[in-house]
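Student: Could you have a look at this structure, given as structure tokens, before my questions?
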Amino acid sequence: MANVSQLQAVSGGLCPRCRQGKVFKYPVYNVRRFDEMYEHCPHCGLRYEIEPGYFWGAMFVSYVLSAGVALVLGFLIFYGLNDPGGWTYVLIICPALVLITPINFRISRIVWLHFVSGIYYEPGKTSEF
């Protein structure tokens, strides 16, 4: 078992406690099932949804990520296209935000689990089933 850093665990979508089990069942490019999570970590058995409605808080992370992407795209459009009309911004930024929805959804939940949940890394933790 290799020692996985927290950054590697977040970028790989791994459990915050064991950093071995995956959080999501399917790859992000499976657009019909990108949101399906394991109820428990397949490696250590940690229940991901700590309480009912736990991931509502991840919406705030998602909002910040979306706003950041929109802001960066807005600056790129402004300087790259020499401040075009308002519809140009809408026609570029809105589809971009829709396209990153699966990635944004996953990142926000993973960040919420790793940095807000209060779950700490326990090396060598195995299933509690």
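Student: If you check Asn82 against the conditions, is it assigned to a loop (DSSP other than H, G, I, E, B), more than 19 Å from Val4 (Cα to Cα) and polar (S, T, N, Q)?
Tutor: When the stated conditions are applied, Asn82 passes them.
Student: Something else now. Report yes if Val4 is of a type in the set (Val, Ile, Thr), farther than 17 Å from Ser117 by Cβ and in contact with a Leu (Cβ under 7 Å, 6 or more places away or on another chain), otherwise no.
Tutor: yes
Student: Filter segment 40-63 for residues that are part of a strand (DSSP E or B) and closer than 15 Å to Trp112 by Cα and give the result.
Tutor: Passing the criteria: only Arg47.
Student: Condition (residue is without any contact (Cβ under 8 Å) to a residue 60 or more places away in the chain, under 25 Å from Asp35 (Cβ atoms) and either surrounded by 10 or more Cβ atoms within 10 Å (Cβ to Cβ) or polar (S, T, N, Q) (or both)) applied to segment 74-91: is it met by at least one residue?
Tutor: Checking segment 74-91: not a single residue is without any contact (Cβ under 8 Å) to a residue 60 or more places away in the chain, under 25 Å from Asp35 (Cβ atoms) and either surrounded by 10 or more Cβ atoms within 10 Å (Cβ to Cβ) or polar (S, T, N, Q) (or both).
Student: Within segment 49-73, restricting attention to residues that are surrounded by 14 or more Cβ atoms within 10 Å (Cβ to Cβ) and of a type in the set (Val, Ile, Thr), which residue is modelled with the lowest pLDDT?
Tutor: Per the stated criteria, the residue is Val61.
Student: I want to confirm something. Restricting to segment 92-129 and keeping residues that are over 14 Å from Met59 (Cα atoms) and either among the charged types (D, E, K, R) or in contact with a strand residue (DSSP E or B) (Cβ under 6 Å, 6 or more places away or on another chain) (or both), which single residue is surrounded by the fewest Cβ atoms within 10 Å (Cβ to Cβ)?
Tutor: Glu128
The values are calculated or read from the model by the stated rules, or taken from the named source; none is laboratory data. If you're wondering where the values come from, they're calculated on a predicted model, not measured in any experiment. Backbone-built Cβ (ideal geometry, glycine too); neighbour counts: all protein chains shown.
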